[in-house]
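Step one of this worksheet: look at the structure below.
The values are calculated or read from the model by the stated rules, or taken from the named source; none is laboratory data. On a predicted model such as this, the values are computed, not experimentally measured, just so you know. Using ideal geometry, Cβ is built from the backbone for each residue, glycine included, and neighbour counts are taken over all protein chains shown. For accessibility, only protein heavy atoms count, side chains too; no ligands or nucleic acids. Shrake-Rupley method; radii C 1.70, N 1.55, O 1.52, S 1.80 Å.
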Amino acid sequence: MLHDIFIAPFQDMFSAPDFLLQVLWEGLVSGILYALIALGFVLIFRSSRIFNFAQGIMVVFAALTLVGLHAMGVPAWICVLLTLGVMFVLAMAIERVVLRPLVGQPDIILFMATIGITLFLIGFGEIIFGGENKVMITEELGIPTGSWTLEPFGGLLILEQKDVTAVVVAALLVIGLLVFLSRTQMGRAIRALGDDSQAALSVGISLHTIWVLVWFIAGIIALVTGIAWGARAGVSFALEVIAYKALPVLMLGGLESIAGAIIGGLMIGLLEKLFEIYWGQPLMGGNTETWFAFVLALLVLLFRPQGLFGEKIIERV
Amino acid sequence: MLYRTAGQYKTSYASDQAVFPVRQDAILLGIILLLAWVIFPLTASEFTFQTLLIPILIYSLAALGLNVLTGYAGQLSLGTAAFMGVGAYACYKMVTLMPWLNPLVAILLSGAFSAGIGVAFGIPSLRIKGFYLAIATLAAQFFLVWLFEKWGWLYNYNSSGAIQVPNLTMFGVYVAGPQASTIVQYYVVLVVVSLLTWVTINLTRGTLGRTWKATRDMDFAAELIGINLMRSKLTAFAISSYIVGVAGALFVFMWRGAAEPNLFDIPLSFRILFIAIIGGLGSIMGNYLGAILIVGLPVMLNTVPEALGIHIDSATVEHLNIMIVGSLIIFFLIIEPHGLARLWALIREKLVIWPFPH
């Protein structure tokens, strides 16, 4: 038993290093997608203290809109622009109809409201686009679909080109976002609102504009995630469950930290894949990916209650 | 006029601290109990029992359990469905291992298992707070549902992986399983729900309830005035999980008749959280109002298009339902974030001085 837990998995890893690399690569790719969803959460949480549960359904909704528009015969790149427009309208509508009347309510109420948004979008999306699984328009968007085969350690390592594209695009998006947040006026306004909303309001930063902007950025991130994940697994409402994976990422990385979201996402992606392949499937009947991330985050949190990168929690009576 | 409180004097401390200081409230409760115990069973159809009365009671009980934890002790939990599952599976194991056990006793005992697991998953609450804790309870949610699926012993290794409720008798009457009549099941549910509600009302009024409320309002301050936070939080987890576990056992044994692991998935947790929040956190009555709304609404929405003579196919109706429930949740949060119970309190305040508002 102890041998199975502590020795055999590592023996497996060293005896087949190419397979280990393949597992790590798979983990890295899903980790990046978790990180992207978590990034959407963090942006909204920092600027408005709203725990936005609707991020997952926004991913689905963006991908569905893109595919749906293309099915109507619109050229692929115009579809992307139109989808961005839809996400902007969605951001405006959410701010106007849901968030504005709920300003200043307790956190849990806003959290519940985002679950309300989630339900609404599920119903709305199913009525407009139908619930069946759809194929992402990968080739039409110019994403390469082939794969590279490497031969490290005399073995075999297959890298799907669309995964490589996803990694590169995600990296560019994150860099772009960091530049936007630190170099532009709007970006600084977002960070100011996150640091101290009262002070930010008093120097003339408009809460409503920033909220629309932040939700729109979350919408852009959702679209990128939707394209990347849709290219791997197809577009359906089942995608929504990957939003749950972003939650342990947030716990691990801290709710306020952008770097934490990225590092946490990669860590969770890698570790849950490793655990599933080397411990979960042989010893526990598989499918451990549904809970591993949560239990890992829970254990980390027991020692660092604010997450690995979160702001230190200082409480006063 | 109807709600005049004038003339109701309190002449002793006991009467001042009564559960219902105003006579009209007691009368109202009497009417509700009369409806639930006598009028509904006499008049309701099989359909009403199955789609409205029994589920409303069971969901209210689950929401009541969650409300003890979230509304009174301030610990947000998203793992309610998993604890319901623990109750249901514990009850199933007990009645299959010990067929001679009285079903009512089995249902009430199954909550104890849920309470034990609730305490285990509640331990992180001593270090983790707020949304971090909410996500931590998701660990319980996903892990336990996975366990229900993978641990064959829980469902007696049957090939379907689901639990089937056997025929159970109590005093010679079938109370669970395919042969039980709905009205008997309704009464079993009603007995359990009434009993646990009565216990909970008194718990929340007593020392324990005040300890919870102090912990909720500001845990550091509570600690400074000598409240043992560990005991307060863990008792909240234990009692909440107990009630939720019993609700889970009722859910499967008195209503669904069978359960697969994914029945206890996260949408059920959210449904119960909705009931508790729309009803009103920190209120007992709110759970019932919330359950009536959340359970009753889809039933109503299903019958409305037919009544109007419009034919929509059932898939569209279902999607419309989800959409409307989503928007109604937002709507109710906007008009009254403190829930339907608060709305009732406002109406009551107005009624007391009606028709002369000054």
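Tabulated values for the structure
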{"item": "B:GLN17, sole failed condition from (1) under 22 Å from the mean Cα position of the chain (by Cα); (2) within 27 Å of B:GLY209 (Cα to Cα)", "result": "(1)"}
{"item": "Test: B:VAL317 is farther than 28 Å from B:GLY65 by Cα, within 14 Å of another protein chain (Cβ to nearest Cβ), β-branched (Val, Ile, Thr) and assigned to a helix (DSSP H, G or I)", "result": "yes"}
{"item": "Failed condition for B:ILE135, given (1) free of Cβ contacts under 8 Å to residues at least 60 places away in the same chain; (2) among the aliphatic types (A, V, I, L, M); (3) closer than 24 Å to B:PRO261 by Cβ; (4) surrounded by fewer than 24 Cβ atoms within 10 Å (Cβ to Cβ)", "result": "(4)"}
{"item": "Of residues in region A:81-98 being of a type outside the set (S, T, N, Q) and surrounded by 21 or more Cβ atoms within 10 Å (Cβ to Cβ), the one farthest from the other protein chains (Cβ to nearest Cβ)", "result": "A:MET87"}
{"item": "Selection status of B:LEU281, touching a helix residue (DSSP H, G or I) at 6+ places or on another chain (Cβ under 8 Å), open to solvent by 50 Å² or more (accessible area, probe 1.4 Å) and of a type outside the set (Lys, Arg)", "result": "yes"}
{"item": "Members of region A:119-140 that are crowded, with 18+ Cβ neighbours inside 10 Å, out of contact with any Gly (no Cβ under 7 Å at 6 or more places or on another chain) and facing another protein chain (nearest Cβ under 9 Å)", "result": "A:LEU121, A:ILE122, A:PHE124, A:GLY125, A:GLU126"}
{"item": "Unique residue being of a type in the set (D, E, K, R) and without any contact (Cβ under 8 Å) to a residue 12 or more places away in the chain when the list is A:GLU139, A:GLU126, A:GLU95", "result": "A:GLU139"}
{"item": "Some residue of region A:93-112 being under 30 Å from B:LEU273 (Cβ atoms) and among the polar types (S, T, N, Q)", "result": "yes"}
{"item": "Number of the exception - B:THR207 against (1) more than 14 Å from every other protein chain (Cβ to nearest Cβ); (2) closer than 23 Å to B:LEU57 by Cβ", "result": "(2)"}
{"item": "Criterion violated by A:ALA231 - all others in (1) without any contact (Cβ under 8 Å) to a residue 60 or more places away in the chain; (2) under 27 Å from A:THR138 (Cα atoms) satisfied", "result": "(1)"}
{"item": "Hey, A:ALA243 more than 16 Å from the chain's Cα centre (by Cα) and farther than 21 Å from B:LYS150 by Cα or not", "result": "no"}
{"item": "Helices (runs of 4 or more DSSP H) wholly inside region A:200-296 containing at least 2 residues that are within 14 Å of another protein chain (Cβ to nearest Cβ)", "result": "A:242-253, A:258-275, A:281-284"}
{"item": "Boolean, A:GLN306 is modelled with pLDDT under 80 and under 17 Å from A:GLU26 (Cβ atoms)", "result": "no"}
{"item": "Extreme residue, farthest from the other protein chains (Cβ to nearest Cβ), among residues of region A:99-108 that are open to solvent by less than 50 Å² (accessible area, probe 1.4 Å) and modelled with pLDDT of 85 or more", "result": "A:LEU99"}
{"item": "Subset of region B:208-225 that is under 20 Å from B:ARG127 (Cβ atoms) and of a type in the set (A, V, I, L, M, F, W, C) - its residue that is farthest from the chain's Cα centre (by Cα)", "result": "B:LEU224"}
{"item": "Meets criteria (in a helix (DSSP H, G or I), in contact with a helix residue (DSSP H, G or I) (Cβ under 7 Å, 6 or more places away or on another chain) and facing chain A (nearest Cβ under 8 Å)) for B:LEU301", "result": "no"}
{"item": "Yes/no for B:VAL175 being within 14 Å of chain A (Cβ to nearest Cβ) and either among the hydrophobic types (A, V, I, L, M, F, W, C) or on the phi > 0 side of the Ramachandran plot (or both)", "result": "no"}
{"item": "Count of region A:250-278 residues which are open to solvent by 40 Å² or more (accessible area, probe 1.4 Å) and among the hydrophobic types (A, V, I, L, M, F, W, C)", "result": "9"}
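Here's the yes/no breakdown for (1) open to solvent by 10 Å² or more (accessible area, probe 1.4 Å); (2) farther than 22 Å from B:ASN287 by Cα; (3) at pLDDT below 90:
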residue	(1), (2), (3)
B:THR169	yes, yes, yes
B:VAL173	yes, yes, yes
B:TRP198	yes, no, no
B:ILE201	yes, no, no
B:GLY226	yes, yes, no
B:VAL246	no, no, no
B:ALA249	no, no, no
B:MET254	no, no, yes
